[in-house]
Amino acid sequence: MKKIAIFTGIGALALGAAVAVSVPSSAQDNAKLEQLKAQGFARVAIANEPPYTAVGADGKVSGAAPDVAREVFKRLGVPDIVASISEYGAMIPGLQAGRHDVVTAGLFMKPERCAAVVYSEPVLCDAEALLVKKGNPKGFKSYADFAKDGATVGAPGGGTEEKLALDAGVPRAQVIVVPDGQSGLKMVQDGRIDAYSLPVLSINDLMKKAADENLEVIAPVEGAPVYCDGAAFKKGDEALRDAFNVELAKMKESGEFAKIIEPYGFSAAAAMSTTTAKLCAPAQ
């Protein structure tokens, strides 16, 4: 497995739940964190999948997940991270075997993964989003809002967004099938549809390329699923996870969290709209 050393400089709902966590005080509970402080770095498992994680030609690891982890560990007194590129299927076994201290790689929470590791509060989320005219003149917040007053929403044919709109009671005639992102963008600009819906990352990518100040992104769509990762720790390292959560919560509250992830296209609001407890709950 390729090893990449990174040397760093010194330098809502989920929020409420995370702030309530306190760092354990006993030396035994803090043993893992003290070990990381002593060695001066945390070993993190990553993928090479921008914008979640990325490895430059010079070997430097960036991406939204490592950048958040790097800052959290720095605040915990662990100044560096050492990253190992891993396939997703090998990340949890590697963590359990002690080859990594934490996984920071866009490893989305699923009940089976939550049973195998302990996750931090949400870090990177992909939720549903709406592209609308600046100011959101019709006040859209959920798919159900399109059922009123004949409003129209564009979505890929046969995709998740089309199904969510129809399931929310939007009449078939008001759910407009759009062939691709550029077409959806243009239809909103021209006023042919009231909104266009895709996941947050996809909508933000469209917005970045369009550079149109007359458009706005609404995310996450209320009532729609939110898919999130978190930093994943080995069972038994709950004290380290709790300490991570405390600093993560402070970053969310201060706005530093948003400053790190939003340039990559992720939504801080989406990450702060849910909790690990909800995301790890078995499906009913």
Notebook entry, point to check: Using θ = phi - 60° and the Karplus form 6.51 cos²θ - 1.76 cosθ + 1.60, what ³J(HN,Hα) does each residue of region 147-160 get, whole Hz, x for Gly and Pro?
Noted result: 6, 9, 6, x, 5, 10, 10, x, 7, x, x, x, x, 4
Check: Which label marks the calculated value of Rg and Dmax of the Cα atoms in Å, given the options [x] 18.2, 55; [y] 22.0, 74; [z] 20.3, 63?
Finding: [z]
Check: Which cysteines does the chain leave without a neighbouring Cys Cβ under 4.7 Å?
Finding: none
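Taking only DSSP H segments of four or more residues, each worth -39500 (n - 2.57), what value at 222 nm results for the chain once the sum is divided by all its residues, to the nearest 500 deg cm²/dmol?
Using -39500 (n - 2.57) per qualifying helix, the result is -10000 deg cm²/dmol.
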Check: Residue by residue through region 200-214, which ³J(HN,Hα) values in whole Hz follow from phi under the Karplus form 6.51 cos²θ - 1.76 cosθ + 1.60 (θ = phi - 60°), with glycine and proline marked x?
Finding: 3, 4, 5, 5, 5, 5, 4, 4, 4, 6, 6, 6, 9, 6, 8
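Of the listed pairs LYS208/LYS259; LYS134/LYS208; LYS74/LYS110, which have alpha-carbon separations greater than 21 Å here?
Pairs exceeding the cut-off: LYS74/LYS110.
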Check: What order, most packed first, do the peptides 63-73, 181-191 have when packing is the mean number of other Cβ atoms within 10 Å of each residue?
Finding: 63-73, 181-191
Next item on the list: Within region 105-155, list the trypsin sites (Lys or Arg not before Pro) lying in a DSSP loop whose Cβ has at most 10 other Cβ atoms in a 10 Å radius.
Entry: LYS134
Checklist line | Total charge dipole magnitude, the chain, about the Cα centre, Cβ charges on Lys, Arg, Asp, Glu only, Debye to nearest 20 | finding: 380
Notebook entry, point to check: Taking R0 as 25 Å, what's the FRET efficiency between GLU112 and GLU49 from their Cβ-Cβ distance, rounded to 0.05?
Noted result: 0.75
Next item on the list: Add +1 for every Lys or Arg and -1 for every Asp or Glu among the other residues with Cβ under 12 Å from the Cβ of VAL170, and state the total.
Entry: -3
Next item on the list: Subtract the Cα-Cα distance of VAL177 and LYS60 from 0.36 nm times their separation in residues, and report this length gain in nm to one decimal.
Entry: 38.0 nm
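No value in this document is a laboratory result; all are computed from the given coordinates. This one's a predicted model, so the numbers in the text were calculated from it and none came from an experiment. Cβ coordinates were reconstructed from backbone atoms using ideal geometry, including for glycine residues, and neighbour counts include every protein chain displayed.
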